[in-house]
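Below is one structure; the comments refer to it alone.
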Amino acid sequence: MRVLLIEDDLQIGQSLLRALKDADFSVDWVRDGIAGRTALAGTEYTVVLLDLGLPGMDGIDLLKTARTSGNAVPVLILTARDDLDSRVQGLDVGADDYLLKPFDVPELLARIRAVIRRKAGYASSRLGDESLCLDLDKRTLTCNGATTVLSAREFALMLAFLERPGTILSREQLEDRLYGWGKEVESNAVDVLIHSVRKKFGQNVIRNVRGLGWTVMLNDAREGQTP
């Protein structure tokens, strides 16, 4: 999963960067509001972690700009502002959740999972249906009763598909979701990941759409599961 961290405090940013990478997130970190606005405009993220007191552009203004432009990425505000007005304003302008500093990393990770599943329209941590189900807590994929733990990249791949089942994702869109800035991406990296998932769960778990990319159709997982 690719995360945008917008945090100007060096010590906090470095600590969060380490914690998120330890949790197998791909993280882009910027330290001012202008850079955050630019990153949001050019990249599709799974979730944004947003500080409010930013140089260049305040976090509230950045969030307003993103929502006005139609960007619906889940945003989790991380801030030391503990007054009621700031919390209410942040939520009213489009934040999905609000976490006060200091906080524990396990709570942050749980809140990230919560906003991801809410965006996908699920009440629990399991995305999909009875035939194909991705568990955000355990990082497992279940296909027709068979459950396997996924690697970090396999998990991010299936999350991208199961957030919006039936949506066709191009190679470029998948690379954006899976890899952060400065990462050298092999030309066949996405193909290798898709092959790995198909090897575990069958060819039909991920469908080719000629000339456009790939998609996951939940009903397709019921048939043709021979690798």
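The values are calculated or read from the model by the stated rules, or taken from the named source; none is laboratory data. Every value quoted in this text rests on a predicted model; they were computed, and no experiment measured them. Because the Cβ atoms are built from the backbone with ideal geometry, glycine has one as well, and the counts that use them run over all protein chains shown. To get the accessible areas, we keep the full protein, side chains included, count just its heavy atoms, and leave off ligands, DNA and RNA. Shrake-Rupley method; radii C 1.70, N 1.55, O 1.52, S 1.80 Å.
All of (1) farther than 20 Å from Arg164 by Cβ; (2) modelled with pLDDT of 90 or more; (3) open to solvent by 50 Å² or more (accessible area, probe 1.4 Å); (4) in a helix (DSSP H, G or I) hold for Leu109 with one exception: (3).
Filtering region 118-142 to residues that are modelled with pLDDT under 90, buried (at least 19 other Cβ atoms within 10 Å of the Cβ) and not in a loop (DSSP other than H, G, I, E, B) leaves Leu127, Gly128. Residues in region 22-43 that are open to solvent by 40 Å² or more (accessible area, probe 1.4 Å) and in contact with a helix residue (DSSP H, G or I) (Cβ under 7 Å, 6 or more places away or on another chain): 4 in all. For region 80-136, a residue qualifies if it is under 20 Å from the mean Cα position of the chain (by Cα) and in contact (Cβ under 8 Å) with a residue 60 or more places away in the chain, and the qualifying residues are Val105, Leu108, Leu109, Ile112, Val115, Ile116, Gly128, Asp129, Leu132.
Do we have Ala72 as at pLDDT below 95, surrounded by fewer than 22 Cβ atoms within 10 Å (Cβ to Cβ), within 20 Å of the chain's Cα centre (by Cα) and in a loop (DSSP other than H, G, I, E, B) here?
Values: at pLDDT below 95: yes; surrounded by fewer than 22 Cβ atoms within 10 Å (Cβ to Cβ): yes; within 20 Å of the chain's Cα centre (by Cα): yes; in a loop (DSSP other than H, G, I, E, B): yes.
Judged against the criteria, Ala72 is a match.
When you check Glu184 against the structure, is it free of Cβ contacts under 8 Å to residues at least 40 places away in the same chain and under 18 Å from the mean Cα position of the chain (by Cα), yes or no? Write out each step before concluding.
Details: free of Cβ contacts under 8 Å to residues at least 40 places away in the same chain: yes; under 18 Å from the mean Cα position of the chain (by Cα): no.
Answer is no for this residue.
The set of residues in region 14-49 being aliphatic (A, V, I, L, M) and within 14 Å of the chain's Cα centre (by Cα) consists of Leu20, Ala23, Val27, Leu40, Val47, Val48, Leu49. Take the residues in region 1-21 that are more than 23 Å from Glu163 (Cβ to Cβ) and free of Cβ contacts under 8 Å to residues at least 24 places away in the same chain; name whichever of them is least open to solvent (accessible area, probe 1.4 Å). Top of the filtered list is Gly13.
Condition check for Leu52 on (1) crowded, with 17+ Cβ neighbours inside 10 Å; (2) closer than 24 Å to Ala152 by Cα: one failure, at (2). Given the structure, is Val27 in contact with a Leu (Cβ under 9 Å, 6 or more places away or on another chain) and in a helix (DSSP H, G or I)? So Val27 fails the test.
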